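What follows is one structure encoded as structure tokens, with my remarks underneath.
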Amino acid sequence: MQNQNEMKICFDARSVNEGFARIAVAAFIAELNPTLDEISDIKTAVSEAVTNSIIHGYQDPREKVELTCRIRDDVVEIEVTDTGAGIPDIPKAMEPFYTTKPELERSGMGFAFMEAFMDEIWVESKVGEGTRVRMCKKIGVSSDNL
């Protein structure tokens with residue numbers, strides 16, 4: 001029998017909610033008994049995706065960010081979705097150090113961190129309609145097993 005579980009939360013596009021999203025995902029995946037490194041990797045990727053939605057997707061903190069987390073056997077799938085500005089050029093946005101808001105002293109490493117810490121990442125976006133970032137990570141795969 002396949003181990004499956006899913007949760008979905010929706011929260012205001014406020015930077016204080018980035019920490020909430022990190023903790024919610026970490027608590028949700030606890031049933032898989034992840035290592036501290038796996039938890040840290042996932043929390044970092046979630047932080048980057050949620051922060052991107054808040055900083056780049058919206059101008060109004062009353063807008064909503066939706067976070068969905070699914071467990072299928074030993075794989076965690078996380079989706080962060082907004083209905084904000086959208087990304088006009090996804091490949092450009094995913095380049096390291098690229099940022100549309102340099103005045104905020106953003107490093108432009110959000111997508112690079114997501115790619116580094118997760119096994120797979122997909123980005124779908126339409127200008128004026130929003131963005132969905134989907135990330136997957138297999139739990140229980142250490143460098144010792146490779």
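In the condition set (1) over 17 Å from the mean Cα position of the chain (by Cα); (2) at pLDDT 95 or above, Arg132 is compliant with all but (1).
Scanning the stretch 79-94 for residues that are in contact (Cβ under 8 Å) with a residue 40 or more places away in the chain and of a type outside the set (A, V, I, L, M, F, W, C), we see that the one that is most open to solvent (accessible area, probe 1.4 Å) is Thr83. The set of residues in the stretch 6-22 that are open to solvent by 60 Å² or more (accessible area, probe 1.4 Å) and of a type outside the set (Val, Ile, Thr) comprises Glu6, Lys8, Cys10, Arg14, Ser15, Phe20, Arg22. Among the residues of the stretch 23-40, those identified as closer than 22 Å to Ala112 by Cα and buried (at least 19 other Cβ atoms within 10 Å of the Cβ) are Val25, Glu38.
The residues listed here are Glu120, Glu115, Glu124, Glu105; of these, the one that is open to solvent by 80 Å² or more (accessible area, probe 1.4 Å), under 17 Å from the mean Cα position of the chain (by Cα) and at pLDDT below 95 is Glu115.
Within the stretch 55-78, work out how many residues are open to solvent by less than 30 Å² (accessible area, probe 1.4 Å) and out of contact with any Gly (no Cβ under 9 Å at 6 or more places or on another chain). Steps first, please.
Filtering the stretch 55-78 for residues open to solvent by less than 30 Å² (accessible area, probe 1.4 Å) gives 57-58, 65, 67-69, 71, 76-78.
Adding the requirement that they be out of contact with any Gly (no Cβ under 9 Å at 6 or more places or on another chain) leaves 67-69, 71, 76-78.
The total comes to 7.
The values are calculated or read from the model by the stated rules, or taken from the named source; none is laboratory data. Predicted model only: the values in this text are computed from it and were never measured. Methodologically, a virtual Cβ is constructed for each residue, glycine included, from the backbone with ideal geometry; neighbour enumeration extends over all protein chains shown. Protein only, heavy atoms only, side chains kept; ligands, DNA and RNA dropped before computing areas. Shrake-Rupley method; radii C 1.70, N 1.55, O 1.52, S 1.80 Å.
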